Every structure is written in structure tokens, then in C-alpha cells.
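This report refers to the structure that appears directly beneath it.
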Amino acid sequence: MSLGRKAWGIAAGALGMAAAGGAARMVQQQRMIARRGAGDEVPLGSLRSPGLRVVADDGVDLHVEVDEPASHVEPDLTVVFAHGYTLNLDSWHFQRAAYRGLVRTVFYDQRSHGRSGRSAGENCTLEQLGRDLRRVVETTAPGPVVVVGHSMGGMSLISFAQQFPELFGDKVVGSALIATTAGGLDPGRILFPMVPLGLGGRAVSRAVRVLDRGHLVVDRLRSAGHRVAQVVADAYSFGEDVPRSYVDFVYRMIDSTPFEVVADFYPAFATLDHFDHLEALTRAPCSIICGTEDKMTRLGHSRKLHSRIHGSDLFEAVGAGHMVILERHDDVNKELDQLFSRAAQLAQEREQQEPGS
């Protein structure tokens, strides 16, 4: 073989390997791209997988569901979704539908929410929620993981990062903070949609203080004030007009959460102050997503998170409210597409750096 032909053969081989590698990366990226409109094909909150019980460190049972990827997709990356206050895992309906079969996804009900066990009031803290999240991650994610948190789920993620920073950049290769904050929160603003007949401000605080004696009465008042509560849920959850089914869906989740649970978490929001403990989140790709018309965790909270988490991405959904994961689900999923791709790349780099790889 002449030198020229040999050189050409080597070059062709190199090009072939590069093309193969590029094709593999393209396949990997394609499976990370959410299917648009997938959630519209099934009733809201109807997606299910067999339940898995994860026991928290204080013995509370956490209800977990895992959507495995299609058989031809390698389950190298797991994405764990943590929902918000008074919601449940169904709130991720559009994300669950869009990524089903494309990537390994894990959804769980936070303690005292949904199908998870009721927690003692003294353990309804953000520190405990961070430990719960770790238990879910270590139980359900055999490989690298991305954690996505909405509202209180984002606070759980921040708590997780604060308590277990050594996992970030290694086990945890990506995170998303959606409509959330690390402090400076007005808890009355969050509680407002959950209280009966439009009570707010000081009335909320008084209702919380007497809850041990009167939570059953409060729940009956919530039921009596059904129509009012729906209007409030609409105004506080969404920034623009959305289908009535979205409003009813959110209201059902809120209404199914006993007011005693609502009050159990009140002190956690009132004392939240973690803006100085975000360093671990800089060790892996982090996406911050918010609606510009969010009335609960206002836009300034997300901008402050972005300024404190160096290297993070910030997406502001113009006109959207607190339930941006429903209201602008396609936009949210596009941001998650990019996050998952960057996280997969980081996971691949970490694997290549391991001895023997």
C-alpha cells in the first residue's frame, strides 16, 4: 500500500469514527428532545407507573413512580422530579408525557402530599425534604441523575445541595429550579390560594396558629368556598388565560391537601434563608425557569438565584405564572431538553475520567 493510500485510509477511518461518534451523540440528543403536544393526548394527571415505596430516614413512606425508557434506549441518565407545595407528582403531567420512553424519569409525592405517608409536624422542614430527595435519588438512580424541582420542590433541591454538596458534579450532573426561591419569601403569598374564602395576610397567620384546634373546620370552609377557591387558584397559579381544565386540575391537587399539612410546612417558608448556600449547584449545569407574572415566587427570586449560581441559565417565560410547568409546558420542556443534553455530556466526561474507562 502506498503512503498516500495509507494516509487516506487512516483519514477515512478517523472520519468514520468521528461520524459514528457524531451519530451516537445525535441519537442521544434526539432522545432528550421532548415530544410536543404529548400531554394533550391523555387526561391531566392520568399517567401512571407501578408504585415504589421509598422509606425516608424517619420512617415515612414516600410514594415513587418510575417511567423506564424504551427498550432500545440506554437508561444511563435518570431525571428525578420534585413537585411543589400542596401539589403532587401529577403536576408534572406535561413533562412526564413528553419524556416518557425517551429518558428514565422518576416522580414522587413529597411527604404528607399525594400518596406518600403523613409526616409528623416537626419533620415538615426543608432540611427533611432535602434528605427525602437524597433517599429517592440513591434508591432510584443507579447512574448519573438530574434533579428538577418546582416551587417547594426547588427548595427541596436547594436543601439537598446544601446538605450533600459532594454529590453535585459527580452523582448529580444537572439541576433545574423552576418557580422557586432560596429565601426572602412572604409565606402568606403562598398560603393565600389554600385558605378558605379569600383569607390572606394576618388572617392566614391567625388561621395557622389555631390550626391544631380548628383544622377540620378550616377544611369544611374550604369545601364550602369551592368556587371562590377556584378563582383564587386561577389568579395565583397562572399569568394568562389557560384552559379551564388546567385550573380545575390545580385546584383538585390543592384541595386534596389537608389544611393541617398546609400549616405544618408554614414555618419552613417563613424562615427560609439559603441564598448563601448555593455553591454546590454551580458544579453541574443548572437551569432556572420562571414566569414573569409569578405572584408567589416572584421574578426577582429567580434572578437572584441566577446571580448567585454562577454559570446557570435563566429562562423567563413572559406572561406566565407560578404553574409555568403547565401554562408554558412546551417552553419549559425546551429548556429541559438543553439541560438534559448538557448533563449527559458532563456524565460522559466524568465516566471517561474514571480509572479503567
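The values are calculated or read from the model by the stated rules, or taken from the named source; none is laboratory data. Not measured: the values here are computed from a predicted model. Every residue, glycine among them, receives a Cβ derived from its backbone with ideal geometry; neighbour counts consider all protein chains shown.
List the number of the failed condition for His306; all other conditions in (1) in contact with a strand residue (DSSP E or B) (Cβ under 6 Å, 6 or more places away or on another chain); (2) free of Cβ contacts under 8 Å to residues at least 24 places away in the same chain; (3) over 22 Å from Val145 (Cα atoms) hold.
Exception for His306: condition (3).
Looking only at residues that are of a type in the set (Ser, Thr, Tyr) and at pLDDT 95 or above in the range 275-297, which one is surrounded by the most Cβ atoms within 10 Å (Cβ to Cβ)?
The extreme case among them is Ser287.
Looking at the range 243-269, which of the residues that are over 21 Å from the mean Cα position of the chain (by Cα) and among the hydrophobic types (A, V, I, L, M, F, W, C) is farthest from Met152 (Cα to Cα)?
Going through the qualifying residues, I end up with Phe259.
Report those helices (runs of 4 or more DSSP H) wholly inside the range 254-357 carrying at least 2 residues which are polar (S, T, N, Q).
Qualifying helices (runs of 4 or more DSSP H): 299-308, 329-353.
Output the number of the condition that Ala179 fails; it satisfies all remaining conditions of (1) free of Cβ contacts under 8 Å to residues at least 40 places away in the same chain; (2) among the hydrophobic types (A, V, I, L, M, F, W, C); (3) touching a Cys at 6+ places or on another chain (Cβ under 6 Å).
The number of the failed condition is (1).
Identify, please: which residue in the range 236-253 is of a type in the set (A, V, I, L, M, F, W, C) and assigned to a helix (DSSP H, G or I) and is, among those, nearest to Thr86 (Cα to Cα)?
Among those residues, the one meeting the criterion is Met253.
Give Arg118, Arg131, Arg111 a once-over and let me know the one that is touching a helix residue (DSSP H, G or I) at 6+ places or on another chain (Cβ under 9 Å) and buried (at least 21 other Cβ atoms within 10 Å of the Cβ).
Only one candidate passes the filter, namely Arg111.
Criterion first (touching a Leu at 6+ places or on another chain (Cβ under 9 Å), over 19 Å from Ala56 (Cα atoms) and among the basic types (Lys, Arg)) does Arg115 satisfy it?
Spelling it out, it is not the case that Arg115 is touching a Leu at 6+ places or on another chain (Cβ under 9 Å), over 19 Å from Ala56 (Cα atoms) and among the basic types (Lys, Arg).
Among all residue pairs at least 6 apart or on different chains, which show Cβ distances below 8 Å where the first residue, located in the range 315-335, is farther than 12 Å from Glu240 by Cβ and the second is among the hydroxyl-bearing types (Ser, Thr, Tyr) and in a loop (DSSP other than H, G, I, E, B)?
Glu316/Thr292; His322/Ser151; His322/Thr297
Suppose the filter is β-branched (Val, Ile, Thr) and surrounded by fewer than 24 Cβ atoms within 10 Å (Cβ to Cβ); does Thr105 pass it?
Here the answer is no, as Thr105 does not meet what is asked.
So, Gly117, is that one modelled with pLDDT under 95 and in contact with an Asp or Glu (Cβ under 9 Å, 6 or more places away or on another chain) or not?
Spelling it out, it is not the case that Gly117 is modelled with pLDDT under 95 and in contact with an Asp or Glu (Cβ under 9 Å, 6 or more places away or on another chain).
Can you list the strands (runs of 3 or more DSSP E) lying wholly within the range 27-127 that have 1 or more residues being of a type in the set (D, E, K, R) and more than 22 Å from Leu339 (Cβ to Cβ)?
Where strands (runs of 3 or more DSSP E) fall fully within the range 27-127 and carry at least 1 residues being of a type in the set (D, E, K, R) and more than 22 Å from Leu339 (Cβ to Cβ), they are 51-55, 61-67.
Taking the range 51-95, which residues are without any contact (Cβ under 8 Å) to a residue 60 or more places away in the chain and closer than 15 Å to Gly149 by Cβ?
Selection gives Leu89 alone.
Quick check on the range 141-151. Is at least one of its residues at positive phi and either among the small types (Gly, Ala, Ser) or not in a loop (DSSP other than H, G, I, E, B) (or both)?
Yes; the residues of the range 141-151 include at least one that is at positive phi and either among the small types (Gly, Ala, Ser) or not in a loop (DSSP other than H, G, I, E, B) (or both).
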